[in-house]
Amino acid sequence: MSAETPAVPGQFTRRRLQFRAWRGTRPFWGGLFVLLAGFPIMYFPYAHLQVGHLTLAMATTAGAGSLIIGVLLVVLGISLWFQQHVRTFAGVAAILLALVSIPVSNFGGFVVGFLLALVGGAMAVSWAPGVRVAPQAPAGAPGEGGAPDAVPTGPASPVYEANDLSGTNPRNGANGRHSAG
C-alpha cells in the first residue's frame, strides 16, 4: 500500500460520519440535555436511600407531578431529535417545565434536572438550521476562459426587478433609508 492509495473507510467510520451528519441537522445537544433532565426529576421523588438500617424515603406528595414532568421532558428531548421544526415550542416548554419542577419535585431533581432542562431548552430555542452551500467550480478551471458572465444589476435589468421585494429602489426615489417614518 503506497502513500497515494486512499484508505477505505470502515463500517465504524462510515456510521460515525452518518451520525455526525444527522446530528448536525437538528438541535442534538439541546435534546440530549432535555432528555437527561427528565430522569432525575422522575427518579428522586420515588427513591429510597438506605443509611444502615434506616430507610429515608424522599417521596413527596407531588410524586405524580414529578413523574409527569419527567416524562414530558423525555418526550420533548426525543421530539427535538426527530421533529426539529418544533424546536422553539419544545425549548420553551422544557424551560417552563424546569421552572415548575422546582416546587413540585424536590427542587427540580436536586437542581440537576432543573439545570439540565434549563440549558437544554435554551439550546433548543437558540439553535438554527445551517445553510447549505452549493459547491462552486474552482475559479481557474480548465476549459473556462475569461471572466464569468456578468449579471446585470442595474435598475432596468429583469434580475433587479424580480429581486426587489421591498419597493425601495433608486427609480422610485427610495433607497431604504429614512423610510420608517
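The values are calculated or read from the model by the stated rules, or taken from the named source; none is laboratory data. On a predicted model such as this, the values are computed, not experimentally measured, just so you know. FYI the Cβ positions are ideal-geometry reconstructions off the backbone, even for glycines, and counts take in every protein chain you see. For the accessible areas, the whole protein counts, side chains as well, though only heavy atoms, and no ligand, DNA or RNA atoms are used. Shrake-Rupley method; radii C 1.70, N 1.55, O 1.52, S 1.80 Å.
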Accessible surface, 1.4 Å probe, highest first, among residues Val86, Val51: Val51, Val86
Nitroxide proxy distance, nm - points 7 Å out along Cα→Cβ at Phe107 and Leu49: 1.1
Those residues of the stretch 64-87 whose amide nitrogen sits under 18 Å from the label point placed on Leu99, 7 Å along Cα→Cβ: 69-70, 73
Area of Phe39 that stays accessible when all protein chains are in place (1.4 Å probe, Å², to 10): 100
